[in-house]
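Just so it is clear, none of the values below were taken in a lab; they were calculated from the coordinates. For clarity, every value in this text was computed on a predicted model and none was experimentally measured. All Cβ positions, even for glycine, are placed from backbone atoms using ideal geometry, and neighbour counts span all protein chains on display.
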There are 2 protein chains.
Amino acid sequence: MANFDLMRRLARSEGGKIILLVMDGLGGLPMTPDGLTELEAAKTPNLDQLAREGSTGLSIPIARGVEPGSGPAHLALFGYDPLVYDIGRGALEAMGIGLAIGPGDVAARGNFCTVDDSGKIIDRRAGRIDTERATKAVEAVAGITLPGVELIVREVKEHRFALRLRGKGLDHSLHDTDPQATGVAPFPAKASSNAPAAHHTAELINQFIAQAQQRLKDHHPANMLTLRGFAGDPALPQFQDVYKLNPACVAVYPMYKGVSRLVGMDIIDSDAHDEPSDEFKRVADNWPKYDFVFCHIKYTDSRGEDGDFDAKAAVIEQVDKALPALLSLNPDTLIVTGDHSTPAKLRSHSWHPVPTLLWAPKTHMPDRSQSFGERECIAGGLGQFPATDLLPLALAHAHRLERFGA
Amino acid sequence: MANFDLMRRLARSEGGKIILLVMDGLGGLPMTPDGLTELEAAKTPNLDQLAREGSTGLSIPIARGVEPGSGPAHLALFGYDPLVYDIGRGALEAMGIGLAIGPGDVAARGNFCTVDDSGKIIDRRAGRIDTERATKAVEAVAGITLPGVELIVREVKEHRFALRLRGKGLDHSLHDTDPQATGVAPFPAKASSNAPAAHHTAELINQFIAQAQQRLKDHHPANMLTLRGFAGDPALPQFQDVYKLNPACVAVYPMYKGVSRLVGMDIIDSDAHDEPSDEFKRVADNWPKYDFVFCHIKYTDSRGEDGDFDAKAAVIEQVDKALPALLSLNPDTLIVTGDHSTPAKLRSHSWHPVPTLLWAPKTHMPDRSQSFGERECIAGGLGQFPATDLLPLALAHAHRLERFGA
């Protein structure tokens, strides 16, 4: 990981400005033995130009062979070793919708689901009900009271909500209640440690579940709920402190806002329907206020998960087309990368190293890459490197690190 | 090293099947400035085809610049950091001939040697006596009794034997008695630590040596013995536990069986005269029973040690020719590599990174390598990586690892 002691010692509060553009799940695979990857196949004249001018390489998100989840993969891009900062997704999701997680709080992700008369799950996502109907279900359970605890339930998107318990003597060491299967009832909450506080919290959650079941009876298909990813305050080191950066995040999905907020970024308002060009406009509008902007593009990953090679390539082309708007801001360092690979061929995240491009016209070392693609990046000047080294590289190229020693 | 906590957390007991084919001492050097290496010179149409289809790279067995022994080099291939798991060769040799090393046992490797009338060594290997004559020498010393200790002496091959002491209060912290030179007498056993148990064990070993000298008097040229590589039970984490693999080993030499047994592999019967094609047949015969098979080819290393460039290349060609038998098993991941380099030019193991090929047609990322050779591997998609990362990569490509985080 980025050596935070070293960064604290070397980081300067002056220097150039940085854009970190992350296309989620950017890395891909050829669909056929002789084929191209999504990124290689996409027509990307702007990215290719940056690759010709700057340095490319392949980043390893967690460790060789390890398929990353989105939360840890982003932490790695921000310089935090995900094996050290192993954060429950409940905290990320809650933070993403602006629900701060403080010391002693317990957060979880929730799904509304559909159960049959015997209580067995028949749809884990309640038919993916729309946000409007889900909001009514949220209102129904938000009024539940628990002894000695402040309870907040808040809609995330469609069937998903976030939950926060605040009070004394809580512990987030709980197993998921989501059985991740249909045909079985949700599990009761159960402590995953022997701590009395964990047992106490499990009991509170079970009271919540029992009351929720009553209150949701008439909200079919959202007539039950499951909880998972119980998490407490991860108390992460902050960008301002470690890197001396004044950072902001432009992202559409709550999870990415969540992880950004956890490291100290301001979250810039966005709209769920933002295209890449809309997101870049938000970056531009806020550019004067920040010296580091993280901009997250979700749909490369989504189309990869769909197994839709062409659609993923099309999202990359959208980004490429909109890119001049970012370039016109004259960032001192621009990094274009992914948090992990999501090859359409595998319809899933994967462990393959991620194509990465570092463009910093005043300081970058040009290599021989002629375009932006996996196989050009293999021979790129950045080599293969842990994703956690990217932030120090970004700072260095923006002259934001002091010399080490005399 | 492979992070065992992480592997224990992520490894699945289902997924694809893996073959790890190790040509001992595979890496080489050109004999002349403009020449090719052994692997580059060998005609290897099958390996070249796999290199074109899959990913190549260079593996670093121990650390940059460090020339590996065979034991630690294999541990690294199995994901065990040899700097952490620093195992005496005595334990490897003993395990290799089926002599289990349990907690508190002390094992060592032995050589029969020839001494003159004054007790000085004149041949460190007793003229490399054949196994039959050596077995008689082993019988002569196997009857020695030591107070409070169960002693086993067992023939390995030619002049080599293994020794195991089992009893209370033993410690394997002993120096070698083999002076690794002629013209001097074998050293007496001596403790390498201050532990009383080590001094006690040294005394027992000296009793053994004194009695052995008497009993070997008429066994010229095997009229004396030396001991080295004193070792205890290394208690290694097991493949089944760490990687959730059901593993087997096909190897001809005892040491490789030994290290495989130490990590939990079943040892498949083999014959000392097996050619690569015979070994591949043994892999095929046992393929249904295992999800991981390690297959070890010894003679690339032996011919490298001989300084015989052409003969080493010929062994590689033998392997290439026999390779279709392995491919016909349809492994999900096939890795072809060496444990270290043994350039004929140097007549010795060397520290040079080892050409490595990963072929997993459902999941590999093709790179631009057009053949299997050192210089193609430099630009390969796996980059240069610690050998200990190979097992996680093999698991990932066979879909045997869960995602890390959500």
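Below is a table of values for the structure above.
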read-out	value
Efficiency of FRET from Cβ geometry, A:Ala195 and A:Asp269, R₀ 41 Å, rounded to 0.05	0.55
Estimated inter-spin distance, B:Asp306 and A:Ala396, nm [label 7 Å along Cα→Cβ]	4.8
Loop GluC sites (Glu not before Pro), the stretch A:347-402 (other Cβ atoms within 10 Å of the site Cβ: 16 or fewer; DSSP)	A:Glu402
Rough spin-label spacing in nm, given labels placed 7 Å along Cα→Cβ, for A:Gln207 and B:Lys281	7.4
Label-point gap, in nm, between A:Lys136 and A:Arg368 - each point 7 angstrom along Cα→Cβ	6.5
Reduced Cα scattering model of the stretch A:226-289, Debye log10 I(q)/I(0), q = 0.18, 0.22, 0.23, 0.25 Å⁻¹	-0.74, -0.95, -0.99, -1.08
Stretchable slack from B:Thr182 to B:Leu83, in nm (0.36 nm times residue separation minus alpha-carbon distance)	32.5 nm
Assigned charges on the beta-carbon of Lys, Arg, Asp, Glu; the protein assembly as shown dipole about Cα centre (debye)	1260
Trypsin sites (Lys or Arg not before Pro) restricted to the stretch B:199-230 and DSSP loop, no more than 15 other C-beta within 10 Å	B:Lys217
Antiparallel DSSP beta bridges within chain B, as percent of all bridges there, nearest 5	60
Estimated FRET transfer efficiency when R0 is 22 angstrom, pair B:Ser328-B:Lys43 (beta carbons, to 0.05)	0.60
Most mobile listed residue (A:Ala108, A:Ala325, A:Ala387) in chain A, GNM with C-alpha springs under 10 Å	A:Ala325
Kirkwood Rh in Å, taken over the protein assembly as shown so that all alpha-carbon pairs contribute	29.6
Degrees, to the nearest 10: B:309-322 long Cα axis against longest axis of chain B	60
Computed P(r) (all Cα pairs; the stretch A:1-103; 5 Å bins; percent)	2, 8, 13, 17, 18, 17, 12, 7, 3, 1, 0
For the protein assembly as shown, share of DSSP beta bridges that run antiparallel, in % to the nearest 5	60
Shielding by partners - mean other protein chain Cβ count within 10 Å, residues of B:359-369	4
Proxy reagent accessibility, fewest Cβ within 10 Å first, across B:Asp278, A:Asp339, B:Asp269, A:Asp291	B:Asp269, B:Asp278, A:Asp291, A:Asp339
Structure-based [θ]222 nm, chain B - -39500 (n - 2.57) summed over DSSP H runs of at least 4, per residue, nearest 500	-9000 deg cm²/dmol
Gaussian network model of chain B, Cα within-10 Å springs - most flexible of B:Gly110, B:Gly264, B:Gly65	B:Gly65
Length-normalised contact order for chain B - Cα pairs under 8 Å, 6+ apart - percent	34
10 Å Cβ neighbours from other chains, averaged over peptide B:394-404	5
Computed FRET value (nearest 0.05) for B:Glu14 with A:Ala406, which takes r as the C-beta separation and R₀ as 51 Å	0.35
Length added when fully stretched, B:Ala379-B:Ile152, from 0.36 nm per residue minus Cα-Cα	76.7 nm
Most mobile listed residue (A:Asp48, A:Asp285, A:Asp332) in chain A, GNM with C-alpha springs under 10 Å	A:Asp285
Ranked B:His397, B:His159, criterion: other C-beta atoms within 10 Å, fewest first	B:His159, B:His397
